[in-house]
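I have placed the structure first, in the form of structure tokens, so that the comments after it can refer back to it.
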2 protein chains.
Amino acid sequence: MSVKEKYDRLHKIGKEIRLLVSFGYFLEWDQETFMPKGAIEFRSEQIELISSITHREKTSERFKEALEALIDLNSGKPHYEDLDDEQKANLREWRESYLHETKLPNDFVKTFAKTASKATNAWAKAKNNDTFETFAPHLQELVHLCRKKADFIGFKEHPYDAFLSIYEPGVTTQTLKDLFATLKPFLSELLKTVSRKQTVDDRFLRGNFSQQSQLEFDKHLLEIMHLDPQHSRLDLSEHPFCLGLHPHDVRLTTHTVCSNFMHSISAVMHEGGHAIYELNLPVEQYGAPLGEFASYGMHESQSRWWETMIGLSRPFWEFTYPKLQSTFPNPLDKVNLETFYQAINRCRPSCIRIFSDEISYVLHIILRFEIELAFLEGKLEVNDLPQVWNQKMQESLGITPQDDKEGCLQDIHWAAGLFGYFPTYALGNLYAAQLYQVFIQTFPDHQDRIRQGNLTFIKDFLKEKIHRFGKQYPPLELLERATSSSLSPEPYMNYLKNKFQ
Amino acid sequence: MSVKEKYDRLHKIGKEIRLLVSFGYFLEWDQETFMPKGAIEFRSEQIELISSITHREKTSERFKEALEALIDLNSGKPHYEDLDDEQKANLREWRESYLHETKLPNDFVKTFAKTASKATNAWAKAKNNDTFETFAPHLQELVHLCRKKADFIGFKEHPYDAFLSIYEPGVTTQTLKDLFATLKPFLSELLKTVSRKQTVDDRFLRGNFSQQSQLEFDKHLLEIMHLDPQHSRLDLSEHPFCLGLHPHDVRLTTHTVCSNFMHSISAVMHEGGHAIYELNLPVEQYGAPLGEFASYGMHESQSRWWETMIGLSRPFWEFTYPKLQSTFPNPLDKVNLETFYQAINRCRPSCIRIFSDEISYVLHIILRFEIELAFLEGKLEVNDLPQVWNQKMQESLGITPQDDKEGCLQDIHWAAGLFGYFPTYALGNLYAAQLYQVFIQTFPDHQDRIRQGNLTFIKDFLKEKIHRFGKQYPPLELLERATSSSLSPEPYMNYLKNKFQ
């Protein structure tokens, strides 16, 4: 078998695995959009089966053999020098992922999934009834399993590094501690100053806005972003999300809140950003790591870019506001652009992460990061969580949740066993700001262009810098290549200072 | 391992296979409803993978071993006498299906699928452009492969029996020849008489009817039929269909034709009939044959029952017509119920099977049956098909298609390699009529009940007689148990005579 044949064989298996993963996404999409409600038990059975087949393929002898024919699994050294850089990068990532998958014993994976599934149910009920105590034993069990998981995965310095190696390879607990040590006091201080200074009356944003009008405007936004309807579609779900089944089949959703049209607008811009990344991944690499997004943080940088850097910017609304006014003449006919711009950028501490402004957002993440560390280090008891949460909220945002519903029960992540995931949200903001710095240097006329409704140059920029590489480089290296500087909190801090001071 | 454990192990594998089959259905449903158009190539890859995994599981050593632990694969004799009748029936059917799947060599299955896929594409183009000659070589190849397929499957008297054994086990070519020998002259004669006698002016059925109003009425029909929205949903597709993923997840579609609202009504009643069957299958048998519909003919009996026996009946419209009138006040405000009833039941020869009336319908099937036989027997050359088709149309319906688009190119079935499938449509009508005879005897007040909008007793009757048994009995035995008489053309002939003379 020639090297090419060996490589093609491996890519073929990789493609089968990716197709199986896409079935999982597809089931998820359907469950949140169109599935008849009474089919939920059947749906769990489908998901369980597809997960088990996927795991089997990812850890199969067939895959291992095909991989070993091209790369040494122990040393990570490719057997053939005449492979090109992209192929070598694929082999590196395929090996990483194989080693990762085989680290977790099958039984552990099942136990973890089952516990998380029960915990998610328990969390939903506890959140509804504001009864943290009914969720506590589940969280206890998950913390225990997460410690075990970290041991299986392995780490050098901190068990938390094990999780970061999944979501954001190359980023360590220490990296985050250093970043957050700079960001936390800066953001707390900035939030205080800015929220004191802002005086705009933003009550006109609340009202009663028809779902149909909101959706109409959402579709308009997708058109402005040039989201190809041949390869994507927008639907409604309770929580917005975006799933890339394939660069030719990307499903995104939004939600509408009748009292506030900005929720749907933010959701579409955010998920649209995710969608553009997925649509721009190189299709010929489908099934190989270079056909996949670089990391969760990098994905989030794309969604936050469109949601905040573009979607909360003045030039964007200079172009878009007339259409929004004609969609919601009452009350917007009486609101000028500047007032609207000030209103959507009003910063004020909020207990809820997903409703928070650009300055508060990362503070919410830092709080969660500190708590996750404390759990893993055994320095925090589950029963003390509500109290510690509220105390930290008071410290960093100066407010205290009314109840656990808007406190430690607000997010699904811990119930789903996703320890170590939150920091990717913060990193997304940092990556985006770093890219933005390069962007405004590269396009000194960017405001004019955007003001005229031209967004394709932005898409081209992001594709050129990020999308087309897939997983060719680890996220921090990709960032450095794209911005000629290593990860730093400065661009983000500068971006906020420039915008809000 | 106890007998129970052995049985449970087998059922577990059966369930996995059924879940895989449901993925295939799910992909099909999405492709026809919501999939972004540009994802079609990716979709083919998904379908190919899931088909191959499904076939692998259906023919796996694991399945064979689990089966052999309970039943002798050669003789079909169960190893244990203390299994109940349902379990024995499941073993019988599981064995049948295993033997069937393993009869076809893997390579042949792939060749067949690929040829059919190409032929389907070629057919769509040929139909569009009315160029039979571009489709002919594909049909030639499929006829050749179908002969081979019959040999692999095996048959006693006629190669056509091999196909019937898949779609309608127990029915033979001779059965059909005998039935059709009675039906053909009867139907031809009746059609002539009735179409001469009917004088109602039905032009009011044509017009310009909004899609929204049509869909609104469609949903109303589903409510009348008590289709549980917790376990089913209705969407739009080009060709209506119904797919049962699980008794808790049934997806049906309709289409709307703006010039004629009756198309959508027929489609919803027809697919709704299929859906009710799927929804009523015993859920605890999911993954076992007793959780599956008895046969394609039996499925069709359920759809035709709702579409024609109910949906074209006078008492049904006595209840439903006011709502239809209020949906389409123009023109229906000026049309009384009797005129409407006469119009929707007007019989006149049509070249198109799917638009044909209750009398013509089976004549269309007989024509296709005769042609399929001639192909398999080598008595008909592919190139002669258009001429023979038109000649037969003239003989039995007294009309000649304008072109092959409304002639021998109208149906997709042959392009898809589905030889032997058409007769199930005819059998569906016969089964339905036979059930109807029992129904009207059992419920002498059925007309009153329907007139009052009560349809649940009909659903209960069908569930009791047919749905709850799944595949426990072969279709002809099920029919006999349900109606206390064996398959006969008489009830169908009587039904038509009573209705139309």
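Odds and ends about this structure:
- Theoretical FRET efficiency, 1/(1+(r/R0)^6), r = Cβ-Cβ of residue A:460 and residue A:402, R0 56 Å, to 0.05: 0.75
- In terms of overall dimensions, the range A:331-435 has a Cα radius of gyration and Dmax of 16.2, 56 angstrom.
- Normalising the average separation of contacting C-alpha pairs (under 8 angstrom, six or more residues apart) by the number of residues puts the relative contact order of the range A:232-300 at 27 percent.
- Exposed loop sites were defined as GluC sites (Glu not before Pro) in DSSP loop states (anything but H, G, I, E or B) carrying at most 16 other C-beta atoms within 10 Å; in chain A the longest segment without such a site runs A:239-376.
- Its relative contact order, with pairs defined as Cα atoms under 8 Å and 6+ residues apart, puts the range A:32-165 at 15 percent.
- Accessible surface, 1.4 Å probe, highest first, among residues A:92, B:203, B:18, B:56: B:203, B:56, A:92, B:18
- Partner chain coverage, peptide A:52-58 - average Cβ within 10 angstrom: 1
- Only Lys, Arg, Asp and Glu carry charge here, each on its Cβ (+1 for the first two, -1 for the last two); on that basis chain A has a dipole of about 540 debye about its Cα centre.
- Under the convention that each Lys and Arg Cβ holds +1 and each Asp and Glu Cβ holds -1, the size of the dipole of the protein assembly as shown around its Cα centre is about 880 debye.
- Sorted from shortest to longest, the distances between the residue B:124 label points of this copy and the other copies are 3.7 nm, with each point 7 Å from Cα along the line through the beta carbon.
- The range B:291-316 and the range A:371-401 have Cα centres spaced 62 Å apart.
- Net charge contributed by nearby residues that have their C-beta within less than 12 Å of residue B:347 (K/R +1, D/E -1): +3
- Ordering B:153, B:354 by accessible surface, largest first, gives B:354, B:153; the 1.4 Å probe counts only protein heavy atoms, with every chain in place.
- Within straight-line reach of residue A:323, meaning a Cα separation under 25 Å, sit the following lysines at least 8 residues removed in sequence or on another chain: A:219, A:334, A:459, A:499.
- Potential extension, residue B:284-residue B:348 segment - 0.36 nm per residue separation minus Cα distance: 18.5 nm
- Using the Stokes-Einstein relation with a Kirkwood hydrodynamic radius computed over Cα pairs, the translational diffusion coefficient of the range B:178-299 at 25 °C and a viscosity of 0.890 mPa s comes to 146 µm²/s.
- For residue A:258, the solvent-accessible surface with a 1.4 Å probe is about 80 Å², rounded to the nearest 10.
- Helix B:385-397 vs. chain B, principal-axis angle (Cα, 0 to 90°, nearest 10): 50
- Normalised contact order of chain B, rounded percent, pairs of Cα under 8 Å and 6 or more residues apart: 20
- Added length on full extension, which subtracts the Cα-Cα distance from 0.36 nm per residue, residue A:377 to residue A:61: 110.1 nm
- In Å², nearest 10: area of residue B:77 left accessible to a 1.4 Å probe: 120
- Based on DSSP H segments of at least four residues, each scored -39500 (n - 2.57), chain B has a per-residue ellipticity at 222 nm of -20500 deg cm²/dmol.
- Shielding by partners - mean other protein chain Cβ count within 10 Å, residues of A:43-50: 4
- In the complete set of protein chains, residue-level accessible area for residue B:104 is approximately 20 Å², probe 1.4 angstrom.
- Ranked order, A:202, A:448, A:82 - accessible area, probe 1.4 Å, largest first: A:82, A:448, A:202
- Taking the label point 7 Å along Cα→Cβ, residue A:201 and its counterparts in the other copies are spaced 6.6 nm apart, in ascending order.
- For chain A, the longest principal axis of the alpha carbon atoms and the long axis of helix A:40-58 meet at an angle near 50°.
- The range A:3-103 - Rg and Dmax from Cα coordinates, angstrom: 16.7, 55
- Scaled radius of gyration (Cα, divided by 2.2 N^0.38 Å) that the protein assembly as shown gives: 1.06
- For residue A:69, inter-copy separations between label points set 7 Å beyond Cα along the Cβ vector come to 3.5 nm, shortest first.
- Between A:436, A:145, A:241, the Cα set farthest toward the positive side of the dipole of chain A (charges on each charged residue's Cβ, about the Cα centre) is that of A:436.
- Spin-label pair residue B:124/residue B:203, simplified geometry with 7 Å Cα→Cβ offset, distance in nm: 3.7
- Loop-located chymotrypsin sites (Phe, Trp or Tyr not before Pro) in the range B:106-152, at most 11 other Cβ atoms within 10 Å (DSSP): none
- Bins of 10 Å from zero: percent of alpha-carbon pairs in chain B: 4, 17, 29, 29, 16, 4, 1, 0
- Shielding by partners, peptide A:30-42 (average Cβ within 10 angstrom, other chains): 6
- Between the helical axis of B:106-129 and the longest alpha-carbon principal axis of chain B there is an angle of about 20 degrees.
The values are calculated or read from the model by the stated rules, or taken from the named source; none is laboratory data. Worth saying up front: this structure is predicted, and the values here are computed from it rather than measured. Glycine gets a Cβ as well: all are built from the backbone with ideal geometry, and neighbour counts include every protein chain shown. Calculation scope for accessible area: heavy atoms of the full protein, side chains included, ligands and nucleic acids excluded. Shrake-Rupley method; radii C 1.70, N 1.55, O 1.52, S 1.80 Å.
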